[in-house]
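The values are calculated or read from the model by the stated rules, or taken from the named source; none is laboratory data. Worth saying up front: this structure is predicted, and the values here are computed from it rather than measured. Every residue, glycine as well, gets a Cβ built from its backbone with ideal geometry; the counts of neighbours run over all protein chains shown.
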Amino acid sequence: MSDIRPIGITKGPGETAHEYLFITPDRGQTAKSGEFVYYAAQVDGQNRRVLGRVTGRQPVRLLPNGFLADPDVPPEGVAALIGYTGHEHELFEITVTVLGYYDGTIGDFINPRLPPRAGTPIFIAESDMLARVLSKRAVGQTGAAHVGSLLSRPAGEVPIAIDLRAVTSTHLAIIASTGSGKSYLAGVLLEELLAPLNRAAVLVVDPHGEYDTLVQMYEREEFSDRDGYRPQVEIIRPADVKVRVSSLTLGDLRYLLPNLSERMHYVLGKAYGIVRSSLGDNWTRANLRIAVRQAEDELSGRSGADEDGQDDDFGTAGALIWRLNSRLEHSAIFNDTQSLPLGKLFHPGQCTVLQLNEVDHREQQVVVATLLRRLLDARMKTSRGEATDTDAAYLPYPTFVLIEEAHNFAPASGDLVSSEILKTILSEGRKFGVSVGLISQRPGRLDADVLSQCMTQFILRIVNPADQARVAESVESVGRDLLSELPALSKGQAIVAGAAVNTPVLCRVRKRITEHGAEDVDAPAQWVAWFEEGRDAERERDRAMPFDGESRRRDDIFKM
Amino acid sequence: MPIAKLVKSNSHTDYVCQVFGPGEVAEPPDPADYAFGTFVRMPIDHGGTDLVGTDLVGIVYDTLLLNPDFGSLGPRLSPTADLAIFSPDYLAEKVTLVGVAAIGALRSSSTPTHGVPPLAAQIDTLVEGMDDDAVRAFHTCPDGTVQLGYAPLLLATGSPLARHLLISIIDRLRDLFPEEDARLAVLRGEMLWQATVQPVGGRTV
């Protein structure tokens, strides 16, 4: 205990039963918003330190406005003029929300439900005490992810480590405005997941291609272990993303095919039923086309259709097949035989980055939906003993899927194919070791149910009022006092709350070990560099026509 | 040179002094000698050795003209000129009283103190004006800066004239302490606002 001097004296209870007020001159300017303080109390015969978080700060003594009239004259000088020679004219009333005393046996805070008496001295909580009680696990333990340090203390003084066990059973959300560091934080989290102590099986759905730099983990000594462990990072480029059509559900097909009429919906449903009942999970696009013909014929009372048998008219079946062809035949993703093998995507100590940056939006959603469905199915079958080592659906370890731009996969505006499976995983995934982390810059557009089921939250700066309102509505573990900090957070500062920490904390995200891959393009610098490098002259030289007796300038090109 | 004598007190810091009239002293004081905002000193002499040389410092904050004849509208048998011969006591009843607020103490050998003085002055104590040097000495801190530590005391009296009084004091001090003009100007600005604009509806938020 380096400093045991109190910083203030309790004034009395606050507005609510879990708040109290204390008065302090705050000489060291330590009673910052979000700071942790404590008072000593006897609870059940034991000396306890009841921890609380500073949630409000009001000056209670102010100099008259008139004393501030001349910027060149310090107001204290004017106060001294009339005889006020006190050194500290400022006093603050600090509001503290009681967290309680930390009970190591249950690993949580217990609120004594009794505010401190007036006159009780208040102390700033020591850093080593906070390091012990704020995080569920200590840095360096298996299951701990060291994401940063407490914002109100110097960098690195109070490390914040989230409990990965809680994250992988009750899911996670990273919510932030653009440019506030959410991808950077996700990178930190992935580094921790792949660290030798955790060796997670992780898939990152990366619609922007920002996570290439994670491959550096393989080279870095920080991630290697004595047993030869090095994290594997597999980047799956958009061209390599494959979805076998037989893994598509009827809902997926309906979502992929635009503008279906009622009859087309009916025919498609019937055709899907035919291929499923006759071929199970091994049908092809040709099978489906035949089934469409068959379904149409059954519907109209004809018989004997085959794949190439054209009807005399371009009816429902024709229109439906045309749509199926345009979506499934000309796609680089959908095919008859190949799917991304789950065993290749998920492996302990491996991070797979699924890049979808050149994939159509609807296809992205279907890719993610099919993948998540197969993943959950595999984990369910494996945990029930229905899949064995030789099965494609055998996945004998828990998995974590991090989804960037989650609002595109579970939007508030409606149910997509991916919303449904995400909701299923969020509610049932914990039983089978399937967990997800959702990253979104527009929580206002993210499905409220989806967001509210992510029990660990990283919330970075959010300025948009609609997004703030959605966070307040969906994230119950973060108090109003902390939410008011959202617009004031700087880049790389986050509120960490929920199941993976003992109490919500303001956190300074630690520095990444690997490079950040989502840097913005420095357009002005590149424009200037273009001229410095003489690229125009170079191009003009390269494109120069044989001399025809008349010189041509760049401007003349447009006059041809 | 004395300008008045102490005749009454309303409180520990509020004294009433009678200005010397014609015939009472060799050179009766000029009205400028007991004008509003004039600093005066009143020796504290209780016979104690440690009090020798200590003066109570006060400031003229009010003037009252006392005329016992006011309201007697009937004719007088003796003209005023005759009264000076036959009844000089009667003339002495017309007096000028000044209210003096005690604002501190001054002792030549020690630091002046501002605020409520611990000891009161006695009846009939002679009241003298203070020259610029004495006023400067009373307002000088040990570090050489100006002090106005009695200002809260004057404002606390609740007198409607208190702020005007402070403005006149500050104006005099700005002449005596030109190097402290900036600080004094800020305080004057605040007093001026409170004395002039605030009474007619100006607001301080």
Worksheet item: Going by the structure shown, is A:H171 crowded, with 19+ Cβ neighbours inside 10 Å, within 30 Å of A:R379 (Cα to Cα), under 14 Å from the mean Cα position of the chain (by Cα) and touching a residue at least 60 places away in the same chain (Cβ under 8 Å)?
Response: yes
Worksheet entry | strands (runs of 3 or more DSSP E) completely within the range A:103-167 that count 1 or more residues being in contact with a His (Cβ under 6 Å, 6 or more places away or on another chain) and among the hydrophobic types (A, V, I, L, M, F, W, C) | A:159-163
Worksheet item: Residues A:F334, A:F400, A:F346, A:F409: which one is in contact with a strand residue (DSSP E or B) (Cβ under 9 Å, 6 or more places away or on another chain), of a type in the set (F, W, Y) and farther than 23 Å from A:D212 by Cα?
Response: A:F334
Discussion item. I need a count of the residues in the range B:139-196 that are touching a Gly at 6+ places or on another chain (Cβ under 8 Å), within 12 Å of B:I103 (Cβ to Cβ) and away from chain A (no Cβ under 13 Å).
Written reply: 1
Fill in: Residue list for the range A:316-327, restricted to those being surrounded by 15 or more Cβ atoms within 10 Å (Cβ to Cβ) and either at pLDDT 85 or above or farther than 14 Å from A:L288 by Cβ (or both)
A:T316, A:G318, A:A319, A:L320, A:I321, A:R323, A:L324
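Condition check ((1) surrounded by 10 or more Cβ atoms within 10 Å (Cβ to Cβ); (2) within 19 Å of B:L154 (Cα to Cα); (3) modelled with pLDDT of 80 or more) across all residues:
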site	(1), (2), (3)
B:I3	yes, no, yes
B:V16	yes, yes, yes
B:G21	yes, no, yes
B:P29	yes, no, yes
B:D33	yes, no, yes
B:G74	no, no, no
Worksheet entry | Test: residue in the range B:117-132 that is more than 14 Å from chain A (Cβ to nearest Cβ), farther than 30 Å from B:V52 by Cβ and either touching a His at 6+ places or on another chain (Cβ under 9 Å) or in a strand (DSSP E or B) (or both) | no
Practice prompt. Can you work out which of the residues in the range B:1-48 that are in a strand (DSSP E or B) and of a type in the set (D, E, K, R) is nearest to B:G115 (Cα to Cα)?
Written response: B:D14
Discussion item. When the residues of the range A:257-286 are narrowed to those that are of a type outside the set (K, R) and closer than 16 Å to A:S326 by Cα, which ends up modelled with the lowest pLDDT?
Written reply: A:P258
Item to complete: Could you list, in sequence order, all residues of the range A:27-49 that are of a type in the set (D, E), over 15 Å from A:E126 (Cα atoms) and modelled with pLDDT of 90 or more?
Response: none
Worksheet, complete the sentence: Among A:G148, A:G77, A:G66, the single one that is more than 30 Å from B:W193 (Cα to Cα) and either of a type outside the set (K, R) or surrounded by 15 or more Cβ atoms within 10 Å (Cβ to Cβ) (or both) is A:G148
Discussion item. Go through (1) buried (at least 16 other Cβ atoms within 10 Å of the Cβ); (2) farther than 20 Å from B:L176 by Cα for B:T157 and report which single condition fails.
Written reply: (1)
Worksheet entry | Single residue of the range B:94-116 satisfying the filter (in contact (Cβ under 8 Å) with a residue 40 or more places away in the chain and not in a strand (DSSP E or B)) that is farthest from B:I44 (Cα to Cα) | B:K94
Worksheet item: Which one of these does B:T96 not meet: (1) of a type in the set (S, T, N, Q); (2) in contact with a His (Cβ under 8 Å, 6 or more places away or on another chain); (3) within 19 Å of B:G37 (Cα to Cα)?
Response: (2)
Fill in: Output for the range A:37-90, where each listed residue is within 14 Å of chain B (Cβ to nearest Cβ) and outside any loop (DSSP other than H, G, I, E, B)
A:N65, A:G66, A:F67, A:L68, A:P75, A:E76, A:G77, A:V78, A:A79, A:A80, A:L81
Worksheet item: With respect to the numbered conditions (1) under 21 Å from A:R254 (Cβ atoms); (2) in a loop (DSSP other than H, G, I, E, B); (3) touching a strand residue (DSSP E or B) at 6+ places or on another chain (Cβ under 8 Å), which one is the sole condition not fulfilled by A:V366?
Response: (2)
Discussion item. For the range A:50-89: of the residues being closer than 26 Å to B:L155 by Cα and among the polar types (S, T, N, Q), which is modelled with the lowest pLDDT?
Written reply: A:T85
Worksheet item: Restricted to the range A:91-113, and to residues that are free of Cβ contacts under 8 Å to residues at least 24 places away in the same chain and of a type outside the set (V, I, T), which residue is farthest from the other protein chains (Cβ to nearest Cβ)?
Response: A:G104
Worksheet item: Considering the range B:160-173 alone, what residues qualify as being surrounded by 17 or more Cβ atoms within 10 Å (Cβ to Cβ) and more than 18 Å from B:Y34 (Cα to Cα)?
Response: B:R163
Worksheet item: Can we say A:A239 is loosely packed, with under 14 Cβ neighbours inside 10 Å and part of a helix (DSSP H, G or I)?
Response: yes
Worksheet item: Is there any pair linking a residue in the range A:233-251 that is touching a residue at least 12 places away in the same chain (Cβ under 8 Å) and in the same structural domain as A:E191 (by TED's automatic domain parsing) to one that is part of a helix (DSSP H, G or I) and among the aromatic types (F, W, Y), with Cβ under 9 Å and at least six apart or on different chains, and which?
Response: A:V233/A:Y218
Item to complete: Just name the residue that is surrounded by the most Cβ atoms within 10 Å (Cβ to Cβ) out of those in the range A:432-445 that are more than 12 Å from the chain's Cα centre (by Cα) and at pLDDT below 90.
Response: A:G444
